[in-house]
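The values are calculated or read from the model by the stated rules, or taken from the named source; none is laboratory data. Since the model is a prediction, treat every value here as computed from it, not as a measurement. Because the Cβ atoms are built from the backbone with ideal geometry, glycine has one as well, and the counts that use them run over all protein chains shown.
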Amino acid sequence: MKDKRLLPELTTIAFNIKDKNHHKACWIAELVLDARIEWLQEYLDKFCTALPSFTNESAMRPMSKICLFAIQHREKHPDFLKIPQVQQINEACFDWLINPKTKVATKAYAMRTLYLIGKKEGWIHPELIRILSEDASKHTAAYKAAAKDVLKKIEKFNFMQNL
C-alpha cells in the first residue's frame, strides 16, 4: 500500500487465472484497493475484461468486493468508470448471482453492487428483485439475510424516487 509501483505486478498476477497464485494476489488486491480504489483507475479495462474468467471462489469473492468498491467510488466520482466498464461489472455480478455454484459471499457482494448500479440503470432493480425473491428459498440464511437487506434498500430507494 505504500508503493503504487508494485501494483502492475500485483494486477498481472491477480488477473491471470493461469497463475497458481492468482487468488492470493486477488486477496492482496482487495486489501490494497479497499484503501486506495482510485489506484484501480489505470487497470479498469484489464480488471473488467478479466471478471468473467474467474472461476476460483477464492478469487471471485475479492473480485466481487472490488467491483463493489469501484461502483461505490463511482457514486462520488462519476468519471471513475466508463459505461462499458459498468456494463462488464454488471454482467459479471449477474453471472455470479445466478450461478448455483457461486458461494454466498461472492453473491452478497454482487447483489449489493447491482443494487448500486440499479440506482442509475432502471431495469436492474426489477430483475434483481425477481432473482433475489425466487432464489432466496434455495440458499442459506446468510444469502437470505443479504437478499432481504438489498430488497429493503431497493424498496426504500423506490419510495424516495416516488416522493
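The C-beta contact set for the range 112-128 (first residue charged (D, E, K, R), second residue surrounded by 15 or more Cβ atoms within 10 Å (Cβ to Cβ), distance under 6 angstrom, 6+ apart or interchain) comprises ARG112/LEU68.
Exactly one residue out of LYS107, LYS148 is buried (at least 17 other Cβ atoms within 10 Å of the Cβ) and of a type in the set (D, E, K, R): that is LYS107. The set of residues from the range 60-85 being in contact (Cβ under 8 Å) with a residue 24 or more places away in the chain, among the hydrophobic types (A, V, I, L, M, F, W, C) and surrounded by fewer than 21 Cβ atoms within 10 Å (Cβ to Cβ) comprises PHE69, PHE80. Checked against the criteria, ILE83 does not count as closer than 27 Å to GLN41 by Cβ and in contact with a Gly (Cβ under 9 Å, 6 or more places away or on another chain).
Here is a yes/no grid of residues against (1) among the charged types (D, E, K, R); (2) surrounded by 13 or more Cβ atoms within 10 Å (Cβ to Cβ); (3) touching a Leu at 6+ places or on another chain (Cβ under 8 Å); (4) not in a helix (DSSP H, G or I):
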{"site": "LEU7", "(1), (2), (3), (4)": "no, yes, no, no"}
{"site": "ILE13", "(1), (2), (3), (4)": "no, yes, no, no"}
{"site": "LYS20", "(1), (2), (3), (4)": "yes, no, no, yes"}
{"site": "LYS24", "(1), (2), (3), (4)": "yes, yes, no, no"}
{"site": "ILE28", "(1), (2), (3), (4)": "no, yes, yes, no"}
{"site": "LEU51", "(1), (2), (3), (4)": "no, yes, no, no"}
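For the range 81-95, indicate whether the set of residues that are modelled with pLDDT under 95 and in a loop (DSSP other than H, G, I, E, B) is non-empty. Step through it out loud before you land on a result.
Pass one, the range 81-95, residues modelled with pLDDT under 95: none.
No, the range 81-95 has no match at all.
Per-residue answers, yes or no, for (1) farther than 30 Å from PRO8 by Cα; (2) of a type in the set (Gly, Ala, Ser):
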site: SER58; (1), (2): no, yes
site: VAL86; (1), (2): no, no
site: ALA110; (1), (2): no, yes
site: SER137; (1), (2): yes, yes
site: ALA147; (1), (2): yes, yes
